[in-house]
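Enquirer: Below you'll find the structure I mean.
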Amino acid sequence: MADDLQISIGTKQEMYETIMPQIKALTEGEPDLIANLANITGALKEQFGWFWVGFYLVKNNELVLGPFQGPVACTRIQKGRGVCGSSWQQAQTLIVPDVTKFPGHIACSSLSVSEIVVPIIRNNEVIAVLDVDSEKPALFDETDKKYLEEIIAGILF
Ligand code: SME
């Protein structure tokens, strides 16, 4: 399984429909959180070719960089700061079509133009966020929100 990821070249929805069962197969039965988060970022990066995809985990009341695919990134983000810290504070998914217009956006890379951040909520608390960045404007929409939230819901923490 791990070496034969099937990649789809259809619509965004078809791409998610192709990758979702593979993510499930890769992670189910594996209890190690970091291994699962790492494989999720790998599968998403391979399928979509996004500029950056990764997790930040809440540790001691700040977001700390977790498994990711893409260029090196900011290590720590405070609550309420940037898109990630805002998604954490608001406990909701944020879609940002143009990061230059988002007050307090943290530019880990100047190449990043649009972004989606999905909080991972367990027992009414945000315990991590999934962050995806693109160098294309307005890449993310409700379809990404729907599928990424579904992926997030399947992760055992
Ligand atoms: N742009 C994010 C910071 C994380 S990086 O993009 C990987 C933000 O504003 O929270």
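Enquirer: Can you spot a residue in region 131-152 that is in a loop (DSSP other than H, G, I, E, B) and open to solvent by less than 40 Å² (accessible area, probe 1.4 Å)?
Expert: Within region 131-152, one or more residues are in a loop (DSSP other than H, G, I, E, B) and open to solvent by less than 40 Å² (accessible area, probe 1.4 Å).
Enquirer: Got at least one residue in region 75-82 being touching a His at 6+ places or on another chain (Cβ under 8 Å) and part of a helix (DSSP H, G or I)?
Expert: Yes - at least one qualifying residue is present in region 75-82.
Enquirer: Sticking with this structure for a sec: If Gly85 satisfies every condition in (1) in contact with a Leu (Cβ under 7 Å, 6 or more places away or on another chain); (2) surrounded by 22 or more Cβ atoms within 10 Å (Cβ to Cβ) but one, which is the exception?
Expert: If we test Gly85 against (1) in contact with a Leu (Cβ under 7 Å, 6 or more places away or on another chain); (2) surrounded by 22 or more Cβ atoms within 10 Å (Cβ to Cβ), just (2) comes out false.
Yes/no per residue for (1) free of Cβ contacts under 8 Å to residues at least 24 places away in the same chain; (2) within 10 Å of Val117 (Cα to Cα):
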{"residue": "Pro71", "(1), (2)": "no, no"}
{"residue": "Cys74", "(1), (2)": "no, no"}
{"residue": "Gln78", "(1), (2)": "yes, no"}
{"residue": "Gly85", "(1), (2)": "yes, yes"}
{"residue": "Leu94", "(1), (2)": "yes, yes"}
{"residue": "Pro97", "(1), (2)": "no, no"}
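Enquirer: Might you let me know whether region 25-46 holds any residue that is within 11 Å of the ligand (Cβ to nearest atom) and without any contact (Cβ under 8 Å) to a residue 60 or more places away in the chain?
Expert: no
Enquirer: Report whether or not Gln69 is at pLDDT 95 or above, in contact with a helix residue (DSSP H, G or I) (Cβ under 8 Å, 6 or more places away or on another chain) and more than 16 Å from the ligand (Cβ to nearest atom).
Expert: no
Enquirer: It is to be established whether one or more residues within region 52-71 are of a type in the set (Lys, Arg) and assigned to a loop (DSSP other than H, G, I, E, B).
Expert: Checking region 52-71: not a single residue is of a type in the set (Lys, Arg) and assigned to a loop (DSSP other than H, G, I, E, B).
Enquirer: Can you find, within region 1-50, the residue that is farthest from Val83 (Cα to Cα) among those that are open to solvent by less than 30 Å² (accessible area, probe 1.4 Å) and assigned to a loop (DSSP other than H, G, I, E, B)?
Expert: Top of the filtered list is Ser8.
Enquirer: Name every residue in region 99-130 that is without any contact (Cβ under 8 Å) to a residue 60 or more places away in the chain and among the small types (Gly, Ala, Ser), in order of residue number.
Expert: Gly104, Ala107, Ser109, Ser110, Ser114
Enquirer: Report, by residue number, each residue of region 88-113 that is more than 7 Å from the ligand (Cβ to nearest atom), open to solvent by 60 Å² or more (accessible area, probe 1.4 Å) and outside any helix (DSSP H, G or I).
Expert: The answer is Gln92, Pro97, Pro103, Ser110, Leu111.
Enquirer: Here's a follow-up. Report whether or not Ile116 is under 20 Å from Leu156 (Cβ atoms) and either open to solvent by less than 40 Å² (accessible area, probe 1.4 Å) or within 14 Å of the ligand (Cβ to nearest atom) (or both). Even if it seems obvious, please write down each step before you answer.
Expert: Numbers: under 20 Å from Leu156 (Cβ atoms): no; either open to solvent by less than 40 Å² (accessible area, probe 1.4 Å) or within 14 Å of the ligand (Cβ to nearest atom) (or both): yes.
For Ile116, the condition - under 20 Å from Leu156 (Cβ atoms) and either open to solvent by less than 40 Å² (accessible area, probe 1.4 Å) or within 14 Å of the ligand (Cβ to nearest atom) (or both) - is not met.
The values are calculated or read from the model by the stated rules, or taken from the named source; none is laboratory data. Computed from a predicted model, the values in this text were never measured in an experiment. Positions of Cβ are generated from backbone atoms using ideal geometry, with glycine treated the same way; all protein chains shown enter the neighbour counts. With ligands, DNA and RNA removed, areas are computed over all heavy atoms of the protein, side chains included. Shrake-Rupley method; radii C 1.70, N 1.55, O 1.52, S 1.80 Å.
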